[in-house]
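The values are calculated or read from the model by the stated rules, or taken from the named source; none is laboratory data. If you're wondering where the values come from, they're calculated on a predicted model, not measured in any experiment. Please note: Cβ atoms are built from the backbone with ideal geometry, for glycine as well, and neighbour counts cover all protein chains shown.
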Amino acid sequence: MVREFTLRTNTRDEMIDITGKIQAFINDRGVKSGAAIVYCPHTTAGITINENADPDVKRDMLRRFDEVYPWDHELDLHMEGNTAAHMKASTVGVSQWIIIENGRLLLGTWQGVYFCEFDGPRTRRFYVKLI
C-alpha cells in the first residue's frame with residue numbers, strides 16, 4: 001500500500017508536520033500492526049522526526065541549519081545556487097521508518113513527522129508505504 005501526498009510549501013526553509021496525514025492513511029487502510037516508510041523524492045527536501053510541542057524547536061533547527069549551511073557561500077559552485085538546500089536535505093535524510101502498533105504511529109510523546117523544505121516555495125510530493 002503506497003500513497004502519494006502533495007503539499008505546497010510557503011517559504012524557502014520550512015518544516016511541515018505531516019503526522020496527521022500519515023495517521024489518516026493508516027486509519028483508512030485499517031492497518032493495526034506494521035510499519036510506515038515515509039519517503040521524499042526531492043534532492044532539496046527531506047523527512048525527519050522531531051519535537052512537535054514547541055514551535056521554537058522548528059525555528060531553532062532551521063536557523064541552525066542556516067548557520068551550518070549558509071545560503072550564499074562564496075565557494076559554492078552549483079549553478080542553481082542552492083548548494084545549501086542540498087546539504088540540509090542530505091543532513092536530514094530522505095526517509096523515516098515508523099512502527100505502527102494498535103493502529104497508531106509509535107511515536108514518542110513529543111514527536112511528530114516533518115516534511116522539511118529547504119528550497120521553496122514549491123509544490124512537493126512525499127510517499128507513504130505501509131508494511
Residue ID - surrounded by the most Cβ atoms within 10 Å (Cβ to Cβ), chosen from residues in region 84-105 that are within 21 Å of ASN50 (Cα to Cα) and among the polar types (S, T, N, Q) = GLN96
With the condition kept exactly as written, say whether any residue in region 84-100 is part of a loop (DSSP other than H, G, I, E, B) and either under 28 Å from ILE26 (Cα atoms) or aliphatic (A, V, I, L, M) (or both).
-> yes
In region 113-127, which residues are over 15 Å from TYR39 (Cα atoms) and touching a helix residue (DSSP H, G or I) at 6+ places or on another chain (Cβ under 6 Å)?
-> PHE118, ASP119
Being crowded, with 20+ Cβ neighbours inside 10 Å and either among the β-branched types (Val, Ile, Thr) or part of a strand (DSSP E or B) (or both) is the filter here, so list the residues in region 106-131 that pass it.
-> GLY112, VAL113, TYR114, PHE115, CYS116, GLU117, ARG124, PHE126, VAL128
The one condition TRP71 fails out of (1) closer than 18 Å to GLY120 by Cβ; (2) part of a helix (DSSP H, G or I) is (2)
Of the residues that sit in region 1-38 and are part of a loop (DSSP other than H, G, I, E, B) and in contact with a strand residue (DSSP E or B) (Cβ under 6 Å, 6 or more places away or on another chain), which one is nearest to HIS86 (Cα to Cα)?
-> THR9
Tell me, yes or no, whether region 76-88 has at least one residue that is in contact with a strand residue (DSSP E or B) (Cβ under 6 Å, 6 or more places away or on another chain) and charged (D, E, K, R).
-> no
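The rows are residues; the columns are (1) under 14 Å from the mean Cα position of the chain (by Cα); (2) at pLDDT 95 or above; (3) loosely packed, with under 15 Cβ neighbours inside 10 Å; (4) more than 19 Å from LEU107 (Cα to Cα).
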site	(1), (2), (3), (4)
MET1	no, no, yes, yes
THR9	yes, yes, no, yes
THR19	yes, yes, no, no
ILE47	yes, yes, no, no
ARG59	no, yes, yes, yes
ARG63	no, yes, yes, yes
ASP72	no, no, yes, yes
LEU75	no, no, yes, yes
ASN82	no, no, no, yes
Out of (1) closer than 16 Å to ARG12 by Cα; (2) at pLDDT 95 or above; (3) of a type outside the set (Asp, Glu), the one ALA36 does not meet is (1)
